[in-house]
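Notes for the one structure printed next.
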Amino acid sequence: MAAKEKVIGGHPGIYATFPRKGGAAPTATHYCPGCGHGILHKLIGEAMAELEIQDRCVVISPVGCAVFAYYYLDCGHVQAAHGRAPAIATGISRAEDDAIVMAYQGDGDLASIGLNETIQAANRGEKLAVFFINNTVYGMTGGQMAPTTLIGEVTATTPAGRDPRDMGYPMHICEILDTLKAPVFIERVSLSDIEHIRKARRAVKKALQIQKDKLGYSFVEFLSPCPTILRMDAQGIAKFINEQMEKEFPLKKFRDRSAEVQPIIRAESDYSKESLDRVFGCTEMQCIEMEKDREFAPKGIKIAGFGGQGVLSMGLALAQAAFGCGRFVSWYPDYGPEQRGGTSNCSVIVSGEPIGSPVVDHPDVLVAFNRPSLEKFAPSVKKGGMIIYESLAGQFEAPEGVKVISVPATQIATDKGAHQAANTAMFGALMQAGNLGLPREAYGNAFRVTFAKKPKLIPKNLDILEAGAQAVKLLEMASKK
Amino acid sequence: MASQLVAGNSAVIVGAMYAGCDCFFGYPITPASEILHEASKFFPKVDRKFVQAESEEAAINMVYGAATAGHRVLAASSGPGMSLKQEGITYIAGAELPCVIVDICRAGPGLGNIGPEQSDYNQACKGGGHGCYNNIVLAPASVQEMCDFTMKAFELAFKYRNPAIVLADGVLGHMVEPLKFPETALEHKIDTTWAVAGKAETRGNLVTSIALNFDEMEQHNYKLQEKYRRIKENEAAWDGYKLDDAKVVLVSYGISSRIARSAVDAARKMGIKAGLFRPITLFPFPEKEIRRLADKGCKFISVEMSNGQMREDIRLYSGCQPVELVCRYGGNLIQLDDIVKKIKEVA
Ligand SMILES: Cc1ncc(C[n+]2csc(CCOP(=O)(O)OP(=O)(O)O)c2C)c(N)n1
Ligand code: SF4
């Protein structure tokens, strides 16, 4: 075999010598004589040089015989985990819009372990040129079956030849990718002999031209000689590719949409503080400092009901009310298994000091929107605590030492023409009866924040808030009488 | 200073963006998904890059790619997703790339459930993938720290060119507390001495973790170990509560440390001299401080939502002192009463 084929040092786009490789032959590759990898390296080098894009190029070398592509190609390099090159390419390309990214992959790498990444990157239309070496075997690990192994082909793991009944059929990656909408360019070429290599050269250049023009995803499959594993001489392997591989994998330009598509241009990241403050709304935020206040008695509130009754948002409004007065506060939604049953609950803690666990096991106040919540949480309420519940839940016997208030919250809200705002009426009841140590105006102020995006709803909710409070006031007066 | 009520998972994105992170790659998983949602909402508003990946493996390899290009990049996941990311993380550690990964830990093993646990301690702090490497691990205990520690994680990741993990749990991810927004925003510039970014200045650079030559690979390992030594020397951080005269020391991080803090107060009311030692960095573990407390004769109780993964470290660094354990699994939080009971037993 022509040993001089291995010498590619100094070829256009290829380093003059290969110090990363080291060893005695500083201009020869580590590939076997007659290997397709060496040929393709030359083609890529040439195309990069002709297109004058070497500064912008990043080659991702795979796990496989081409793991050391970075010894040779004169451009930026990164080495990938097995099969992950298209994902890595996505990261580079998204981060650096001007980078020209190439994923160089074998058939085990691309079509087996990395098939998902392959298809998904193609489907996203990443700006990426994929160069796919199909040599029908796993070269580096000693010639095991690849997804592209031909039927009947003998490999290290198909000693009797690939039997499709056990091992399936050769996979046609170009054809699979051709079902997707996003790819711009898909072609299958061959590296078997000079004539084929000439065509392959054009395909490589086209794939990179598309990257230079930022048009999107290009994919070129190369039927490639691996004379070592297939134990053939130069003529034998060329014949194998031309006659057997081509029959299974016909050479074809599957698509070229480069004349139709628009370039994909992604803007530079905006790092300015002004922009961040704007998108997070910092300019409209309050400046609230929490102050320690040992005199302030900490309170744990549990709010529970069906999903959709506004349980969580009432909790958030309460948290906002407390936060607005500089109290320490936490809100925590219980997302345990009961969430699936349609009930939800949250814990709110209001304190004059930093808060420990945000979960309220023994509430000072329980707000219950339905019967199941009432029954579930009432026994956990602290002695001397309070339960405020929706009247629709029916009569309820107060646990010993616990005050119970029934509030017709849904009725109040419906009378005000907003039946879905029962939680606001409940919030009013809590304001009136809850004894949480927060000033009255804090509750209404909370709405100005929680409804900041729908300010039209604020007056209505303030009205219902007052009505909820009023209902409790009347109850209190009645009970005093 | 602008402040607002914010959920822990949202605070991560605030911290990341003010820390100059401009790439996010994620895959949905409860209880971490809100980080993904927030990134998808806020990143594009300032032309930063967001991709919903096809899997956690793809996501972490996108991280590898953007980190290769020298950018500040974030990923977030939970138990099952973290397991899948280990391949990528060992490559990132081996290639000495900086990145930040947030783990909102849930109950395991296997699919487990979406409740909180602290059972990813070993996976995060002891490497997690193949090879001899370490991640920098920070353990926030509040919404404010979810933001601040994410920022700190970026600083350390770039200082040492190493993956940094923010290890939290489902409670910290979902709870809402006041957040003071950062007062500065970092304008990130890539370091062209090592990044591979498709630029003339970076054309000669290479990012890789392979070295065929055994001696070369050994040298690379020495270099990594030396880096971890420096990290241990310089970056261990912790917080103490009523430690000065403490006889019984609770060691606890993250959400458990807040319950432990309440337990310290409860014990003090009963006249027991209890204190809390809260590691802020789990790698490096604040080992000198543990040793100092051990030398003073303190008795240790590890309070964690795992089978005692951190307890092993406390044992080790205290010079093999007995260390009691108060733990819950399966999504359950540790109960205050259980800690107090154990303090009384030990005191
Ligand atoms: C996760 C993982 N699994 C397995 C390997 C072992 N391995 C190294 S190269 C290789 C096969 C590569 O074959 P192919 O992609 O066809 O490339 P070729 O060597 O033929 O160029 C395998 C399985 C690895 N490095 N990583
Ligand atoms: S084993 Fe095959 S693919 Fe690998 S270098 Fe040799 S000829 Fe090329």
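Determine the relative contact order of chain A: mean sequence separation of Cα pairs under 8 Å and six or more apart, normalised by residue count, in whole percent.
It rounds to 9 percent for chain A.
Just want to confirm a number: the relative contact order over segment B:246-347, from Cα pairs under 8 angstrom separated by 6+ residues, in percent.
It comes to 34 percent, rounded to a whole number.
Counting DSSP beta bridges with both partners in chain B, what percentage is antiparallel, nearest 5? Write down the numbers at each step before the final one.
Working: 13 of 45 bridges.
Around 30 percent antiparallel, to the nearest 5.
Suppose we take every Cα in chain A and form the convex hull; what volume per residue is that in Å³?
Hull volume over Cα atoms, normalised by residue count, gives 233 Å³.
Taking only the C-alpha atoms, wrap a convex hull around segment A:334-481 and report its volume per residue in Å³ as a whole number.
It is 140 Å³ per residue.
In Å, what Kirkwood hydrodynamic radius results for the protein assembly as shown from the alpha-carbon pair distances? Can you show the working numbers first?
Values: mean 1/r = 0.0339 Å⁻¹.
Across the protein assembly as shown, the inverse of the average 1/r is 29.5 Å.
For an R0 of 25 angstrom, estimate the FRET efficiency from the Cβ-Cβ distance between B:Glu233 and B:Lys126 and round to the nearest 0.05.
Efficiency for this residue pair is about 0.85.
Under 5 Å between amide hydrogens, which residues at least 5 positions from A:Cys57 or on another chain qualify, with H placed 1.01 Å from N in the peptide plane?
It is A:Gly76, A:Ile100, by chain and number.
Towards the positive end of the charge dipole of chain B, with charges on Cβ (+1 Lys, Arg; -1 Asp, Glu), say which of B:Phe24, B:Ala267, B:Met217 has the farthest Cα.
Highest projection toward the positive end goes to B:Ala267.
Show the residues, 5+ positions off or on another chain, whose built amide H is closer than 5 Å to the amide H of A:Phe451.
none
When every alpha-carbon pair in segment B:238-346 is counted, what percent end up more than 18 Å apart?
That tail contains 40 percent of the Cα-Cα pairs.
Tabulate in residue order the Karplus-calculated ³J(HN,Hα) for segment B:184-198, using 6.51 cos²θ - 1.76 cosθ + 1.60 with θ = phi - 60°, rounded to whole Hz; enter x for Gly and Pro.
Ordered by residue, 3J(HN,Hα) equals 10, 10, 7, 9, 7, 10, 6, 8, 6, 6, 10, 5, 10, 10, x Hz.
Residues in segment A:164-204 near a label at A:Ile151, defined as backbone nitrogen under 11 Å from the 7 Å Cα→Cβ point?
Output list for this probe position: A:164-165, A:168-170.
With θ set to phi - 60° and the Karplus curve 6.51 cos²θ - 1.76 cosθ + 1.60, what are the ³J(HN,Hα) couplings of segment B:155-162 in order, to the nearest whole Hz, using x for Gly and Pro?
4, 5, 4, 7, 4, 10, 6, 8
Sort B:119-131, A:410-422 for me by packing, meaning the mean count of neighbouring Cβ atoms within 10 Å per residue, highest on top.
Ranked from most to least packed, the peptides come out as B:119-131, A:410-422.
Among B:Glu312, A:Glu295, what is the fewest-to-most ranking by other Cβ atoms within 10 Å?
A:Glu295, B:Glu312
For A:Lys416, what charge total do you get from the other residues with a beta carbon under 14 Å from its beta carbon, if Lys and Arg give +1 and Asp and Glu give -1?
Local charge sum for A:Lys416: -2.
If a/c stays under 1.5 just call it rounded; otherwise compare a/b with b/c (prolate if a/b is bigger, oblate if not). Do that for segment A:151-207, with a ≥ b ≥ c from the square roots of the Cα gyration tensor eigenvalues.
oblate
Take the Cα atoms of segment B:1-76, build their convex hull, and give its volume per residue in Å³.
Value for segment B:1-76: 81 Å³ per residue.
What residues qualify as long-range amide H neighbours of A:Lys252, i.e. H under 5 Å apart, gap of 5 or more or another chain, H built at 1.01 Å from N?
Close amide H contacts, sequence-distant or interchain: A:Arg188.
For segment B:250-258, in order, what is each residue's ³J(HN,Hα) by Karplus, 6.51 cos²θ - 1.76 cosθ + 1.60 with θ = phi - 60°, in whole Hz (x at glycine and Pro)?
So the J values, rounded to whole Hz, are 7, 10, 7, 10, x, 4, 4, 5, 6.
Given segment A:268-392, what whole percent of its Cα pairs are spread farther than 27 Å?
30
How big is Rg to Rh over segment A:2-256, alpha-carbon atoms, Rh as the Kirkwood inverse-mean-distance radius?
Numbers: Rg = 16.9 Å, Rh = 17.9 Å.
Over the Cα atoms of segment A:2-256, Rg/Rh equals 0.94.
Count, for each residue of B:113-119, the Cβ atoms from other chains sitting within 10 Å of its Cβ, then give me the mean as a whole number.
2
Please compute the average number of Cβ atoms from other chains found within 10 Å of each residue's Cβ in peptide A:326-332.
Average neighbour count from other chains, rounded to a whole number: 5.
Of all DSSP beta bridges located in the protein assembly as shown, what percent are antiparallel, nearest 5?
35
May I ask you to derive the relative contact order of chain B, considering only C-alpha pairs under 8 Å and at least 6 residues apart, and to give it as an integer percent?
That works out to 18 percent.
Using only the Cα atoms of segment A:131-176, what semi-axes does the equivalent ellipsoid have when each is the square root of 5 times a gyration tensor eigenvalue? Give whole Å, largest first. Kindly include the intermediate steps, with their values, before the conclusion.
Values: eigenvalues 58, 42, 8 Å².
Equivalent-ellipsoid dimensions as semi-axes: 17, 15, 6 Å.
How do the peptides A:34-46, A:193-205 rank, highest first, by the average count of neighbouring beta carbon atoms within 10 Å per residue?
Descending packing order for the listed peptides: A:34-46, A:193-205.
Quick check for me: using +1 on Lys/Arg Cβ and -1 on Asp/Glu Cβ, what's the dipole size of segment A:245-336 about its Cα centre, in debye to the nearest 20?
Dipole magnitude for segment A:245-336 comes out near 380 debye.
Quick check on the protein assembly as shown: helices-only [θ] at 222 nm, where DSSP H runs of length 4 and up contribute -39,500 (n - 2.57) each and the sum goes over total residues. Nearest 500, please. The partial results should precede the final answer.
Values: 27 runs with 302 residues, N = 828.
That calculation yields -11000 deg cm²/dmol at 222 nm.
Hey, could you get me the Stokes-Einstein D for segment B:113-206, Kirkwood radius over alpha-carbon pairs, 37 °C and 0.692 mPa s, rounded to whole µm² s⁻¹?
Once the numbers are plugged in, D ends up at 208 µm²/s.
Go from 0 up to the bin containing the longest alpha carbon distance in segment B:183-232, width 5 Å each, and give me the % of pairs per bin.
Bins of 5 Å from zero give 4, 16, 13, 14, 19, 19, 9, 3, 1, 0 percent of pairs.
To the nearest 20 debye, what is the magnitude of the charge dipole of segment B:156-295 about its Cα centre, counting +1 on the Cβ of each Lys and Arg and -1 on the Cβ of each Asp and Glu?
400
Which residue, B:Trp194, B:Gly297, A:Gly106, has the largest displacement toward the positive end of the dipole of the protein assembly as shown when charges sit on each Cβ (Lys, Arg +1; Asp, Glu -1)?
Of B:Trp194, B:Gly297, A:Gly106, it is B:Gly297.
When the convex hull of the Cα atoms of segment B:48-157 is projected onto a plane and the area is averaged over all directions, what value comes out in nm²?
6.9
To the nearest 0.05, how large is the calculated FRET efficiency for B:Thr30 and B:Lys247 if R₀ is 56 Å and r is the Cβ-Cβ distance?
Between B:Thr30 and B:Lys247 the formula returns 0.85.
Inside 10 Å of the C-beta atoms of A:310-322, what's the mean count of C-beta atoms belonging to other chains? Intermediate values should be presented prior to the final figure.
Details: counts 0, 0, 1, 0, 0, 1, 3, 0, 0, 4, 3, 0, 2.
Average neighbour count from other chains, rounded to a whole number: 1.
So which of A:Lys302/A:Lys454; A:Lys453/B:Lys180; A:Lys21/A:Lys127; A:Lys292/A:Lys453; B:Lys85/B:Lys288; B:Lys126/B:Lys189 end up more than 24 Å apart by C-alpha?
Details: A:Lys302/A:Lys454 27 Å; A:Lys453/B:Lys180 21 Å; A:Lys21/A:Lys127 30 Å; A:Lys292/A:Lys453 31 Å; B:Lys85/B:Lys288 31 Å; B:Lys126/B:Lys189 31 Å.
Listed pairs above 24 Å: A:Lys302/A:Lys454; A:Lys21/A:Lys127; A:Lys292/A:Lys453; B:Lys85/B:Lys288; B:Lys126/B:Lys189.
Using the 2.2 N^0.38 Å rule of thumb for compact globular proteins, work out how segment B:3-235 stacks up: its C-alpha Rg over that value, please.
Details: Rg = 16.8 Å, N = 233, 2.2 N^0.38 = 17.5 Å.
Expressed relative to 2.2 N^0.38 Å, the Cα Rg reads 0.96.
With charges set only on the Cβ (+1 for Lys and Arg, -1 for Asp and Glu), what does the dipole of segment B:69-215 come to about its Cα centre, in debye to the nearest 20?
Details: 11 positive and 15 negative charges, 62 e Å.
Dipole magnitude for segment B:69-215 comes out near 300 debye.
Which percent, nearest 5, of DSSP beta bridges in segment A:2-256 are antiparallel?
Taking every DSSP beta bridge with both residues in segment A:2-256, the antiparallel ones total about 25 percent.
Could you give the Stokes-Einstein D for segment A:279-348 in µm² per second, using the C-alpha Kirkwood radius, 20 °C, 1.002 mPa s?
156
Coordinate-derived values only; no laboratory data. Please read all numbers here as calculations on a predicted model, not as lab measurements. Methodologically, a virtual Cβ is constructed for each residue, glycine included, from the backbone with ideal geometry; neighbour enumeration extends over all protein chains shown.
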